[in-house]
Structures are given as structure tokens and as C-alpha cells.
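Have a look at the structure below before the remarks.
The values are calculated or read from the model by the stated rules, or taken from the named source; none is laboratory data. This one's a predicted model, so the numbers in the text were calculated from it and none came from an experiment. Using ideal geometry, Cβ is built from the backbone for each residue, glycine included, and neighbour counts are taken over all protein chains shown. Calculation scope for accessible area: heavy atoms of the full protein, side chains included, ligands and nucleic acids excluded. Shrake-Rupley method; radii C 1.70, N 1.55, O 1.52, S 1.80 Å.
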Amino acid sequence: MTPPLGLTGSMALWRAYQRALTAHPWKVQVLTAGSLMGLGDVISQQLVERRGLREHQAGRTLTMVCLGCGFVGPVVGGWYRVLDRLVPGTAKVDALKKMLLDQGGFAPCFLGCFLPLIGTLNGLSAQDNWAKLRRLWPAVQLANFYLVPLHYRLAVVQCVAVVWNSYLSWKAHRL
């Protein structure tokens, strides 16, 4: 029995992504981060704000893509590599150590740069988002460090971040 056509296409796309990731891990991770940040903005504009295609602000989406490719992807992807060298392994205790280092050391530094940057680009207040960040990311990162191989971690975080980026984009651009 063959899988349905949509599933076959999805599987082929996934295999192509894995091949590209193996051949060019850094480039693919950075492009993935930018693409998923852009997707978050598209979701915000089309599904949350209901702008429609004629009112879609392409420059705003491009800003989010550039932020993902130029800042989030390289910084977070680089951090995951450093973190995996600092705490090798994928056991539960290793994942907990990584989450504690990530949330206790890296996240405050990263957010100290990221939130003012996105605030500058979008007029967003860092204080509006801090409480939600503190609740969401520790749980995401614990699962990410325990369940996900290193080369997929940035993509997993960016997939979760699509929802977060949709919220940030909506919050920053409310009328």
C-alpha cells in the first residue's frame, strides 16, 4: 500500500531538507530561521490581523526574514553548538543542564539584544513580552534538549517561534 499523495510529497520534502541540512548545516539552519520568522509575520498579517493579500505589508515580512537570517539564526544556532560542547549528551540530566544554562545564561543576554532590536524595528515594548517569554521558553527548551538532535534544534525552536513571532508581529503592529 502506498501512502497518500500529500504524505508522499511531504516525505520527499522532508528528505530533501535532511539532505540539504547534512550538506550545508549552517546555511540551512540560518535560512530555516529566517523563513520561519517570516512565516510568523505572514500568519500574523493574514490570520490574526486579516489584512488580505492587497493590504499585506511585504516590507514588514521581509524585516522579520532578515532578522531571522541575520540575527536569530546565527546567534541561536551558534549557541546550540557551544552548548552541546559544554554539556555533551542527550540524557535527561544533560537536557536539564542545557535548559538551565540556556535559560539562566544565554536567554537573558539574547533577549537583552533581541527585544530592543525588534522593538527598534517594530515599535515593540520589551516589557510587554517578558512575562510570556519566561513561561514559554523553559518548557520548550527542556523538551528540545532532551528529545531533539543538535542539528534539528534550531528548526524546532523556530517552529515554536512561528507562533511567538506571529504574536510579536501582531503586538508590534496593532492599529
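For Val163, indicate whether it is open to solvent by 30 Å² or more (accessible area, probe 1.4 Å), under 26 Å from Tyr17 (Cβ atoms), modelled with pLDDT under 90 and assigned to a helix (DSSP H, G or I).
Working: open to solvent by 30 Å² or more (accessible area, probe 1.4 Å): yes; under 26 Å from Tyr17 (Cβ atoms): yes; modelled with pLDDT under 90: yes; assigned to a helix (DSSP H, G or I): yes.
For Val163, the condition - open to solvent by 30 Å² or more (accessible area, probe 1.4 Å), under 26 Å from Tyr17 (Cβ atoms), modelled with pLDDT under 90 and assigned to a helix (DSSP H, G or I) - is met.
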Quiz item: Which condition number does Ala23 fail, the rest of (1) touching a Ser or Thr at 6+ places or on another chain (Cβ under 7 Å); (2) aliphatic (A, V, I, L, M); (3) modelled with pLDDT of 95 or more being met?
Solution: (1)
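Kindly check whether there is at least one residue in region 27-37 that is of a type in the set (Gly, Ala, Ser) and open to solvent by 70 Å² or more (accessible area, probe 1.4 Å). First the steps, then the outcome.
So in region 27-37, the residues of a type in the set (Gly, Ala, Ser) come out as 33-35.
Now narrow it down to the ones that are open to solvent by 70 Å² or more (accessible area, probe 1.4 Å): 35.
Yes.
Which of the following residues is charged (D, E, K, R) and touching a residue at least 60 places away in the same chain (Cβ under 8 Å): Arg54, Arg85, Arg60?
Working: Arg54 fails: touching a residue at least 60 places away in the same chain (Cβ under 8 Å); Arg85 fails: touching a residue at least 60 places away in the same chain (Cβ under 8 Å).
Checking each option against the conditions leaves just Arg60.
Inside region 90-160, counting only helices (runs of 4 or more DSSP H) that do not spill past its ends, which hold 2 or more residues that are modelled with pLDDT under 75 and surrounded by 16 or more Cβ atoms within 10 Å (Cβ to Cβ)?
Details: elements: 92-101, 107-122, 126-147.
By residue number, 107-122, 126-147.
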Self-check item: Yes/no for Arg54 being part of a loop (DSSP other than H, G, I, E, B), among the charged types (D, E, K, R), loosely packed, with under 15 Cβ neighbours inside 10 Å and at negative phi
Solution: yes
